[in-house]
Amino acid sequence: MGSEMCIRDRLLVISSSISHDLLKRCLAPDITEKQELNYARISIFIAVLIAGYFGINPPGFVAEVVAFAFGLAAASFFPAIVLGIFYSRMNRQGAVAGMLTGFAFTASYIIFFKFINPEMSTAENWWFGISPEGIGTMGTILNLLVALTVCRFTAPPPEYVQRIVRHIRLPGE
């Protein structure tokens, strides 16, 4: 019962993150609740397929999978979190652009060398000699650069959001 709840909870987080947080709040704010529910169901289905595939065909050792997971998380979330706290000019457009860029770059690199063309997964073929397990660092840097660039060329967040950011960073003031 406990593991079933854990799996169900994770699937709910995935589906709500995609349907509500990404689609409804950012990419398609005009979708109806029914469309949002349908996107949530589709994302659960895709998450189950991906988990099933990796359950049947594990990509490698546990350490390798953990390195991929941390690399993808760092390349997608880390700069948005850090900039969201320490840079009051960071806006939604910059954060989303950086997250998508960092994730797409890192995932593409891993997928290419581990699944599409594993025979090329050698140091002489890697970008700057960085293995797929370590490419998350480059994805993080790319995310950071894209996020900062996009936020410079788009409208700053509202003043009340900037005050919240300053308050989070300096709660005593």
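The values are calculated or read from the model by the stated rules, or taken from the named source; none is laboratory data. This is a predicted model, so every value here is computed, not measured. Neighbour counts run over all protein chains shown; Cβ positions are idealised from the backbone, glycine included.
See the values below:
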item	result
Of all residues in region 126-146 being polar (S, T, N, Q) and either under 19 Å from Pro79 (Cβ atoms) or modelled with pLDDT of 95 or more (or both), the one that is surrounded by the fewest Cβ atoms within 10 Å (Cβ to Cβ)	Thr137
Selection count where residues are aromatic (Phe, Trp, Tyr) and more than 28 Å from Leu142 (Cα to Cα), scope region 33-82	3
Lone unmet requirement of (1) free of Cβ contacts under 8 Å to residues at least 12 places away in the same chain; (2) assigned by TED's automatic domain parsing to the domain that holds Ser121; (3) among the acidic types (Asp, Glu) for Asp30	(2)
Neighbours by Cβ (under 7 Å, 6+ apart or cross-chain): first from region 83-99, among the aliphatic types (A, V, I, L, M); second not in a helix (DSSP H, G or I)	Leu83/Met90; Met99/Phe77
Matching residues in region 153-163 - criterion: being surrounded by 11 or more Cβ atoms within 10 Å (Cβ to Cβ) and either of a type in the set (Gly, Ala, Ser) or over 11 Å from Tyr87 (Cβ atoms) (or both)	Thr154, Val161, Arg163
Test: Ser43 is among the hydroxyl-bearing types (Ser, Thr, Tyr), in a helix (DSSP H, G or I) and modelled with pLDDT under 80	no
Test: residue in region 117-127 that is touching a Gly at 6+ places or on another chain (Cβ under 6 Å) and either in a helix (DSSP H, G or I) or over 30 Å from Tyr53 (Cβ atoms) (or both)	no
Residue check for Thr137: within 23 Å of Val66 (Cα to Cα), part of a loop (DSSP other than H, G, I, E, B) and either among the hydroxyl-bearing types (Ser, Thr, Tyr) or in the same structural domain as Ile81 (by TED's automatic domain parsing) (or both)	no
Matching residues in region 147-173 - criterion: being over 14 Å from the mean Cα position of the chain (by Cα) and aliphatic (A, V, I, L, M)	Leu148, Val150, Ala155, Val161, Ile164, Val165, Ile168, Leu170
Residue in region 96-112 that is in the same structural domain as Ile164 (by TED's automatic domain parsing) and over 28 Å from Cys151 (Cα atoms) present	yes
Region 1-40, subset among the aliphatic types (A, V, I, L, M), assigned to a helix (DSSP H, G or I) and under 18 Å from Met99 (Cβ atoms), residue modelled with the highest pLDDT	Leu27
Tabulated pairs, region 105-132, first touching a residue at least 60 places away in the same chain (Cβ under 8 Å), second assigned to a loop (DSSP other than H, G, I, E, B), C-beta under 9 angstrom, 6+ apart or interchain	Pro132/Ser121; Pro132/Trp126
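Quick grid of which residues meet (1) small (Gly, Ala, Ser); (2) over 19 Å from Arg92 (Cα atoms); (3) surrounded by fewer than 12 Cβ atoms within 10 Å (Cβ to Cβ):
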{"residue": "Leu23", "(1), (2), (3)": "no, no, no"}
{"residue": "Asp30", "(1), (2), (3)": "no, no, yes"}
{"residue": "Glu33", "(1), (2), (3)": "no, yes, yes"}
{"residue": "Tyr39", "(1), (2), (3)": "no, yes, no"}
{"residue": "Ile42", "(1), (2), (3)": "no, yes, no"}
{"residue": "Tyr53", "(1), (2), (3)": "no, yes, yes"}
{"residue": "Ala63", "(1), (2), (3)": "yes, yes, yes"}
{"residue": "Ala69", "(1), (2), (3)": "yes, yes, yes"}
{"residue": "Leu72", "(1), (2), (3)": "no, yes, no"}
